[in-house]
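Okay, so here's the structure we're looking at.
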């Protein structure tokens with residue numbers, strides 16, 4: 001992939017920190033030692049490190065010893081989320097499992113001479129600014145050697161601080177990660193957990209025998225006849241953030257309804273349809289190029305019976321739409337919306353169980369060639385975690401999305417706006433910007 005650049009107002013300089021030697025935090029008392037903790041098929045596909053940063057402003061209480069307070073409460077909350085203190089390994093069947101072996105959670109204390117204001121514009125995740133606020137074990141050679149959770153708490157010169165998490169995605173989707181963060185915050189404030197985690201993932205096991213009842217295009221390999229790989233390799237990748245305020249979102253939905261194909265749609269569906277079509281056009285895909293849209297759907301309430309309250313794990317499944325690039329670019333927006341709505345409606349109990357069984361048989365992972373993957377953080381609520389110093393003024397990813405991924409983020413000052421963060425080859429980004437500018 002070409003070298004990445006970022007549009008926007010960058011902070012003057014990079015945050016540099018002085019880190020302590022990691023201290024290993026264990027649950028305050030021994031929990032399920034020696035157990036092999038089951039990971040479902042929905043956990044298997046995403047054994048990657050998810051890095052998030054949570055920033056807290058200066059308060060009168062910021063002079064407290066945040067390090068010891070957060071370390072002590074982490075050891076207490078790990079009793080409820082004890083698999084985080086284990087280590088990842090492979091079962092005899094070659095599947096990922098967690099061994100409850102007392103591996104523990106690395107906790108790093110850090111200081112910086114920078115002030116929070118140094119971070120500047122936070123509309124686009126910038127690894128150059130935020131990377132040093134996350135601790136990743138430098139000795140780990142592969143994902144099996146990496147801790148399932150690492151924590152870094154960094155105090156800034158102004159008295160504010162950050163909590164940086166490096167969390168293996170196979171342990172939780174976004175909702176479960178937020179649940180853990182809320183639980184840790186409640187424990188820090190001396191409160192009982194408002195939601196106790198349900199950690200038994202065996203309820204997501206594949207059926208025996210497995211039964212594939214649908215065509216799962218989310219796993220379909222698409223031939224790259226447009227040489228998109230070469231485009232991304234030969235041009236610098238430019239990242240940008242586009243804010244779709246309430247007025248723009250209403251305009252998109254108005255365009256959809258005026259076409260007469262569908263009667264109504266959500267802001268997410270209208271925006272996803274617009275981004276998929278505009279990105280396909282900007283990349284100048286060949287007319288006969290098959291292109292795919294993937295987006296996450298929470299299966300907690302869709303599976304029957306619904307997953308228990310507080311389910312902790314990965315319950316996200318991928319909905320899929322696929323068509324030729326020429327057809328997509330020439331379709332009215334409402335027709336694309338209809339495709340997306342049909343994919344959402346199809347993602348029911350039968351489809352989810354079929355997907356779990358498909359992975360059981362094929363060990364497949366989602367294919368991303370000529371694909372757009374949309375992931376939305378707009379309703380996760382990371383920033384509402386209050387450890388006793390108020391809610392975070394920023395919570396989000398510390399990394400830029402992969403080239404196939406578009407992230408929908410909440411706008412800090414306007415809950416009805418959506419910020420779209422994405423990367424494209426520089427020539428394609430110019431085209432995409434022009435398409436967005438035409439949305440009046």
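Restricting the stretch 132-148 to residues that are touching a residue at least 12 places away in the same chain (Cβ under 8 Å) and part of a helix (DSSP H, G or I) leaves a set whose member that is nearest to residue 73 (Cα to Cα) is 133. Here residue 151 clears all of (1) farther than 30 Å from residue 349 by Cα; (2) at pLDDT below 95; (3) not in a helix (DSSP H, G or I) except the condition numbered (2). Just one of the listed residues (189, 201) is touching a strand residue (DSSP E or B) at 6+ places or on another chain (Cβ under 9 Å), surrounded by fewer than 17 Cβ atoms within 10 Å (Cβ to Cβ), in contact (Cβ under 8 Å) with a residue 12 or more places away in the chain and under 24 Å from residue 381 (Cβ atoms), and it is 189.
If you take just the helices (runs of 4 or more DSSP H) that sit entirely in the stretch 294-397, which of them hold at least 3 residues that are on the phi < 0 side of the Ramachandran plot, assigned by TED's automatic domain parsing to the domain that holds residue 259 and within 23 Å of the chain's Cα centre (by Cα)? Can you show your working first?
Details: elements: 325-330, 333-346, 349-362.
Of the helices (runs of 4 or more DSSP H) lying wholly inside the stretch 294-397, those with at least 3 residues that are on the phi < 0 side of the Ramachandran plot, assigned by TED's automatic domain parsing to the domain that holds residue 259 and within 23 Å of the chain's Cα centre (by Cα) span 333-346, 349-362.
Can you tell me which residue in the stretch 400-416 is farthest from residue 230 (Cα to Cα), limited to those that are touching a helix residue (DSSP H, G or I) at 6+ places or on another chain (Cβ under 9 Å) and at pLDDT 90 or above? Please lay out each step first, then the result.
Looking only at the stretch 400-416, we keep the residues that are touching a helix residue (DSSP H, G or I) at 6+ places or on another chain (Cβ under 9 Å), and these are 400, 403, 406, 408, 410, 412, 414, 416.
Keeping just the survivors that are at pLDDT 90 or above gives 403, 406, 408.
Working: 403: 13, 406: 20, 408: 27 Å.
The qualifying residue farthest from residue 230 (Cα to Cα) is 408.
In the stretch 209-228, which residues are over 16 Å from residue 348 (Cα atoms) and either in the same structural domain as residue 38 (by TED's automatic domain parsing) or touching a residue at least 60 places away in the same chain (Cβ under 8 Å) (or both)? Within the stretch 209-228, 210, 219, 220, 221, 222, 223, 224, 225, 226, 228 meet the criteria.
The strands (runs of 3 or more DSSP E) falling completely within the stretch 36-98 that include 3 or more residues that are touching a helix residue (DSSP H, G or I) at 6+ places or on another chain (Cβ under 8 Å) and surrounded by 21 or more Cβ atoms within 10 Å (Cβ to Cβ) map to 49-56.
Within the stretch 244-257, the set of residues being touching a residue at least 12 places away in the same chain (Cβ under 8 Å) and not in a loop (DSSP other than H, G, I, E, B) comprises 244, 246, 248, 249, 251, 252, 253, 255, 256, 257.
Taking the conditions (1) surrounded by fewer than 17 Cβ atoms within 10 Å (Cβ to Cβ); (2) touching a helix residue (DSSP H, G or I) at 6+ places or on another chain (Cβ under 8 Å) in turn, residue 101 satisfies each one other than (2).
The values are calculated or read from the model by the stated rules, or taken from the named source; none is laboratory data. Remember, predicted model here, so these are calculated numbers, not experimental data. Cβ: placed from backbone, ideal geometry, glycine included. Neighbour counts: every protein chain shown.
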